Amino acid sequence: MRVEVAKHAGVCYGVERALRLAEEAAALGANVRTLGPLIHNPQAVAELREQGVEVAACLDEADDGTLIIRSHGVDPAIIAQAEQRGLDVVDATCPFVTAAHTCARELAEQGMSVIIVGEEDHPEVEGIQAHAGGTALIVQSAADLPERLPSRKVGVVVQTTQSLQRLQGVVDALLPRVNELRVCNTICSATAKRQLSAEELARTVDVMVVVGGHNSGNTTRLAEICREVNPRTHHVETAEELDPAWFAGAESVGVTAGASTPDKQMAGVVRAIEKLG
Ligand code: SF4
């Protein structure tokens, strides 16, 4: 069986950086915690725990030591509170998310009504909202825009993982309705690149395997995209979940992984598939 890995697959720059910062913090001292699971990948979170990095569900669960802010970013008030409590804060917010924070803050400071294109209860969007001053309108698409806009001067910022089409739809709908429109395209290309190369590969192989946390939104979306073009698509977290029956009669297998899947996890699945055939 020929096994091919998608051109763009696996852990992205921001997640890799957050994992590295957490490992460095653990090597330096005790009582290291991440505020929420560092990434949506149970095996990676368990491995971090073995290295001494625990998960604090909220600030009250971290009363001393080091607190790591994950790549999604947070409300700046949380960082200020942590520092007031004497915690050593390691800010692993992805620089692309920080760029969205800066845009949101600047648009609000310029007196624009801020609109965030993104998922309302996603932690990244909560952080962007806080940087916009807490009053931004959050929409998932143009259909969510209200009949009456808060003003005719509007600034748009977008969650890093949204699609360009979605941003474009909101911008097109706003343009005829406002006097001034400023748009920060804060989309990060990591998600789009992974989706495009997964779909391309899934079209050409007999079986497609997508590796990553079952609780990972971006991995689940990759599996959905692959399944649309290749019904023999399977989403696994580890090699143990592979079922040899999936590969019956297959000559080619494609493998991809979500942006929160460490490389060695994907490599382990590739090795296990190679052993099957
Ligand atoms: S997907 Fe993009 S914005 Fe999000 S953590 Fe990865 S590199 Fe950063």
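Worth pointing out:
- Filter pass, Val53 being more than 16 Å from the ligand (Cβ to nearest atom) and open to solvent by less than 40 Å² (accessible area, probe 1.4 Å): yes
- Flag for Pro123 being modelled with pLDDT under 95 and either within 16 Å of the ligand (Cβ to nearest atom) or open to solvent by 30 Å² or more (accessible area, probe 1.4 Å) (or both): yes
- Considering (1) closer than 30 Å to Ala104 by Cβ; (2) assigned to a strand (DSSP E or B); (3) touching a Cys at 6+ places or on another chain (Cβ under 9 Å), the lone condition that Gly254 does not fulfil carries the number (1).
- When the residues of region 126-137 are filtered to those that are over 15 Å from Cys188 (Cβ atoms) and touching a helix residue (DSSP H, G or I) at 6+ places or on another chain (Cβ under 6 Å), the one that is most open to solvent (accessible area, probe 1.4 Å) is Gly133.
- Residue check for Ala108: more than 16 Å from the ligand (Cβ to nearest atom), assigned to a helix (DSSP H, G or I), loosely packed, with under 15 Cβ neighbours inside 10 Å and among the aliphatic types (A, V, I, L, M): no
- Qualifying positions in region 207-266 - farther than 27 Å from Gly14 by Cα and either among the aromatic types (Phe, Trp, Tyr) or modelled with pLDDT under 95 (or both): Trp246, Phe247
- Condition met for Ala9 (at pLDDT 95 or above, under 14 Å from the mean Cα position of the chain (by Cα), within 16 Å of the ligand (Cβ to nearest atom) and surrounded by 15 or more Cβ atoms within 10 Å (Cβ to Cβ)): yes
- Between Leu35, Leu59, Leu67, the distinction of being at pLDDT below 95, of a type outside the set (Val, Ile, Thr), open to solvent by less than 30 Å² (accessible area, probe 1.4 Å) and touching a strand residue (DSSP E or B) at 6+ places or on another chain (Cβ under 8 Å) belongs to Leu59 only.
- Selection from region 138-156 of residues that are in contact with a Ser or Thr (Cβ under 6 Å, 6 or more places away or on another chain) and open to solvent by less than 40 Å² (accessible area, probe 1.4 Å): Ser151, Val154
- When residues of region 216-238 are limited to those that are of a type in the set (A, V, I, L, M), away from the ligand (no atom under 16 Å from the Cβ) and crowded, with 18+ Cβ neighbours inside 10 Å, the one farthest from Val205 (Cα to Cα): Val236
The values are calculated or read from the model by the stated rules, or taken from the named source; none is laboratory data. These numbers were taken from a predicted model, which means no experiment stands behind them. Don't worry about glycine lacking a Cβ; one is built from the backbone with ideal geometry, like all the others, and counts go over all protein chains shown. Heads up: the accessible areas ignore ligands, DNA and RNA and are worked out on the full protein's heavy atoms, side chains in. Shrake-Rupley method; radii C 1.70, N 1.55, O 1.52, S 1.80 Å.
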